[in-house]
C-alpha cells in the first residue's frame, strides 16, 4: 500500500486533497525497530506521529515500580497510527510504545507537518476545519444533558410484541408460573380420570403436545427480551460514560477557575501587603518641619 493511502486512512487527514496527501507522504520516512525495542517511553518529548507500515507495536502504561505489570492499552498493527496529537503540541507522551515484532513505521515530524501547512493554504484550512468539527462534536456532547432515564425511554417506545415478550420472560422467572403449571397438570389429570369418556387419556399426549408448543414459543420470546435487556445495559453504560465525561470536564474547569481565582487573590494580597508596608514605613519616618531638623523645641 502506498504511503499516501495509509495517510488517507487517518481521520485527521482523510479530507485532504490528493496532492497534499502525496506531499505529506513524501516527507515521511521509514524507521525500523527490532522486536521488543522501544519506540518511545511515557513522558518523552513528543514531536512526531507514526503509522505502522509492517509489523505491530504495543501501546501501554508502564507500572509505577519495576515489579508492577504494565497496563496494555492497544495493539497497533499495519495501517494503524498513534501519536498524532504531537503534531500540534510539544506535550510529553502519555504512554509508552514498544515493537512486539520486527516493525517498520512511517514517521511524520511536527517540523515537516508545519512546513507543509505553511506552504499549502488549502491543507491548513482543511486541517483546521477537521479540528473545528471535532471541537463542535465535543461541545455538542458536553452541552447536552448527560443524565437520562434510559430504561424509561426504552419502555415508552416498546411495541405490543416487545411488551408481550417482556411479560413472558418476567412470568417464566416467577413462582406464579410454576404453581400455575402444577395446577393445570393436576387439573388436567383429574378431569381425565373423573369424566366417563376422557378427552386425553394417560399418558396425556395432547397435554404433552401443548406443553411442547408452549416451550417452543417461550424460547424466542425470552431471547427477544434478553437481547433488549442487553441493549438497555449498553445504553445505560453509554449514559454513565457521558455523565462521567461531563463531570470530569466540569471538575477540570472548576480546578482551572479555582486556580485562576487563587492566583488573582494572591496578587491582590501582595498589592495590599506592599501598600500596608509602605504605610508603616511612612508612619515610622518623622516629618521634617521648618523650625529645625525635628521641629521647634
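The numbers here are math on the coordinates, done by the rules we state, and not lab data. Just so you know, these numbers come straight off a predicted model, no measurement behind them. Virtual Cβ from ideal backbone geometry, glycine too; neighbours counted across all protein chains shown.
Odds and ends about this structure:
- Order of 207, 81, 50 under a 10 Å beta carbon neighbour criterion, fewest first: 207, 81, 50
- For residue 47 and residue 136, a Förster radius of 22 Å and the Cβ-Cβ distance give a FRET efficiency of 0.20, rounded to the nearest 0.05.
- Principal-axis analysis of the Cα atoms of the chain puts helix 205-284 at an angle of about 10° to the longest axis.
- For residue 164 and residue 68, the difference between the fully extended length at 0.36 nm per residue and the C-alpha to C-alpha distance is 29.4 nm.
- Computed over every Cα-Cα pair of the stretch 49-144 and binned at 5 Å starting from 0, the pair-distance distribution P(r) comes out as 3, 11, 15, 17, 17, 17, 12, 6, 2, 1, 0 percent.
- Using R0 = 41 Å, the C-beta based FRET efficiency linking residue 243 and residue 177 works out to 0.65.
- Reference-scaled alpha-carbon Rg (2.2 N^0.38 Å with N residues) for the stretch 190-264: 2.71
- Compactness ratio for the stretch 20-81: Cα radius of gyration over 2.2 N^0.38 Å (N = residue count) comes to 1.32.
- Among 285, 72, 222, the residue with the largest mean-square fluctuation in a Gaussian network model of the chain, with springs joining Cα atoms closer than 10 Å, is 285.
- Cα convex hull, the stretch 152-235: 102 Å³ per residue, rounded to a whole number.
- Label selected from (i) 28, 25, 20; (ii) 36, 29, 19; (iii) 69, 39, 20, the criterion being semi-axes √(5λ) of the Cα gyration tensor in Å as computed here: (iii)
- The order of 166, 67, going from fewest to most other C-beta atoms within 10 Å of their C-beta, is 67, 166.
- The relative contact order of the chain, computed from alpha carbon pairs under 8 Å that lie at least 6 residues apart in sequence, is 16 percent.
- Between 0 and 90°, nearest 10: helix 110-119 axis offset from the chain longest Cα axis: 80
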